[in-house]
Each structure stands twice: as C-alpha cells, then as structure tokens.
C-alpha cells in the first residue's frame, strides 16, 4: 500500500492547527473568566474561612437607637390602617417616619397590631427595625451593627442582600464554572507531558468525597 507522505503531513499539520486553535480559545476564556471572578473568588474564599471559624471571631454589636414622633396627620392615618396582619405602610406614614428618623420605609411590609406598627429592616452585617405607636405617634428606630466581618459573611450567604446581589452571585458562579471547566480542558491537553496531572485532579476529588463519607455525620 502506497502512503502519500504529503497527505499525512498535511493531515498532521491540520490537526496541530486545530489543537492550537482550541488551546487559544480555551486560554482566552480561562483568563477572561478568571479575571472577572478573581476578586469575588478571593472574597468568597476568605469569608469561607471566617464562616467556618465564626465561633472564634468575637463580634461586638453596636446598637444605635433614635426616637422621634410623627405628625398629627400621620397619627390620624394610623387610625385607618389595618389592626392585624401584614401590609405595607401607607405612603403618608412612611414619609413621616423617614422625615422623623431618617430611614427609608416606603413599600416595606409592616406587622400591624392594636398598639403599634412594626417594620423589620434586616440588613447584611446587622439588623434594624422601626416601631410606630398607633396612639401617640412615637417612633423608635433601632439599628444593630455587628461589624465588617459579619457584613462580608452575610454577603457570602446572600443574607438580606437584595435581588441585585443575588443576580451578581449567579453571574459570579457562572464565571467560576467557565474558569473551572476551561481549566480542566487545558489540563487534559497538557496531561500527556505531565503525568501527575490526573493523580492530582483525582486527589482533589477523592479527599472531599472520603471526608463526606467517613467523617461527616
């Protein structure tokens, strides 16, 4: 059988060119996804450590309280508000509360009772609430700050961070998946010249699996 050396050489060159093109694409997606997710990956890694050792990190909550009173027209509006259940604060009452204690409560759901309207204002790294006395119009606003470590931990968990941060976490997770998948494909391409590649990858898989099976109860 006659073998055309020129055809074999051309096929080999074409294959090498395809491989080089794939590697260029993978490297490009790898560095782009890595650059996009770098800072966030560092943040989530550090907060993973702080969350894992939260019992060793002392937090000193700072509590700030503001007292004020809403106007007569807002007090009158309270008489028409619900007596039980949950419903947003009427706009005129919300505006008075914002003016009185400097916190935005428009559109926030309140817990209504005969004596008061209570608005929970959860936030990352702390907590807050507003209470409005239905009879006197007295407003109490209390905010608790547990420090920046608690704030970053809550960002990690997506606790009380809102829809914008939730969307950001989804996009960051997608970029991280692209980074990992392209990294795995690059490992595959370089594996022939680096015999330790797959044993090390297998170790990265095996250690958490073994810990989960034998040491997590």
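Could you list all residues from region 33-63 that are farther than 18 Å from residue 126 by Cα and touching a residue at least 24 places away in the same chain (Cβ under 8 Å)?
Going through region 33-63, the residues farther than 18 Å from residue 126 by Cα turn out to be 33-46, 48-49, 52-53, 56.
Of everything in region 33-63, those that are farther than 18 Å from residue 126 by Cα and touching a residue at least 24 places away in the same chain (Cβ under 8 Å) turn out to be 33, 34, 36, 37, 40, 41, 43, 44, 46, 48.
Of all residues in region 120-131, those that are touching a residue at least 40 places away in the same chain (Cβ under 8 Å) have Cβ atoms under 9 Å from Cβ atoms of residues that are not in a strand (DSSP E or B), 6 or more apart or on another chain, in 126/61; 126/146; 126/147; 126/150; 126/151; 126/154.
Quick one: is residue 89 closer than 30 Å to residue 174 by Cα and touching a helix residue (DSSP H, G or I) at 6+ places or on another chain (Cβ under 9 Å)? Quick ask: steps written out before the conclusion?
Numbers: closer than 30 Å to residue 174 by Cα: no; touching a helix residue (DSSP H, G or I) at 6+ places or on another chain (Cβ under 9 Å): yes.
Taking the combined requirement at face value, the residue does not satisfy it.
When 134, 194, 159 are screened for being more than 21 Å from residue 54 (Cα to Cα), surrounded by 12 or more Cβ atoms within 10 Å (Cβ to Cβ) and modelled with pLDDT under 95, only 134 passes. Considering 177, 209, the condition of being part of a helix (DSSP H, G or I) and either closer than 25 Å to residue 20 by Cα or touching a residue at least 40 places away in the same chain (Cβ under 8 Å) (or both) is satisfied by 177 alone. In region 67-96, of all residues being under 30 Å from the mean Cα position of the chain (by Cα) and closer than 16 Å to residue 139 by Cα, the one that is surrounded by the fewest Cβ atoms within 10 Å (Cβ to Cβ) corresponds to 94.
The residue that is modelled with the highest pLDDT, among those in region 36-66 that are over 16 Å from the mean Cα position of the chain (by Cα) and part of a helix (DSSP H, G or I), is 52.
For region 42-66, filtered to residues that are in contact with a strand residue (DSSP E or B) (Cβ under 6 Å, 6 or more places away or on another chain) and loosely packed, with under 13 Cβ neighbours inside 10 Å, the residue that is farthest from residue 142 (Cα to Cα) is 61. Here residue 33 does not qualify as farther than 20 Å from residue 172 by Cβ, in a helix (DSSP H, G or I) and either at pLDDT 85 or above or under 34 Å from the mean Cα position of the chain (by Cα) (or both).
Scan region 94-116 and tell me whether some residue there is touching a residue at least 60 places away in the same chain (Cβ under 8 Å) and either on the phi < 0 side of the Ramachandran plot or touching a helix residue (DSSP H, G or I) at 6+ places or on another chain (Cβ under 8 Å) (or both).
Initial filter on region 94-116 (touching a residue at least 60 places away in the same chain (Cβ under 8 Å)): none.
Scanning region 94-116 turns up no residue that is touching a residue at least 60 places away in the same chain (Cβ under 8 Å) and either on the phi < 0 side of the Ramachandran plot or touching a helix residue (DSSP H, G or I) at 6+ places or on another chain (Cβ under 8 Å) (or both).
For region 110-125, which residues satisfy the criterion of being more than 30 Å from residue 50 (Cα to Cα) and surrounded by 13 or more Cβ atoms within 10 Å (Cβ to Cβ)? Of everything in region 110-125, those that are more than 30 Å from residue 50 (Cα to Cα) and surrounded by 13 or more Cβ atoms within 10 Å (Cβ to Cβ) turn out to be 110, 111, 112, 113, 116, 117, 118, 119.
The values are calculated or read from the model by the stated rules, or taken from the named source; none is laboratory data. None of these values were measured; they are calculated from a predicted model. Here the Cβ is made from the backbone with ideal geometry for all residues, glycine too, and neighbour counts use every protein chain on show.
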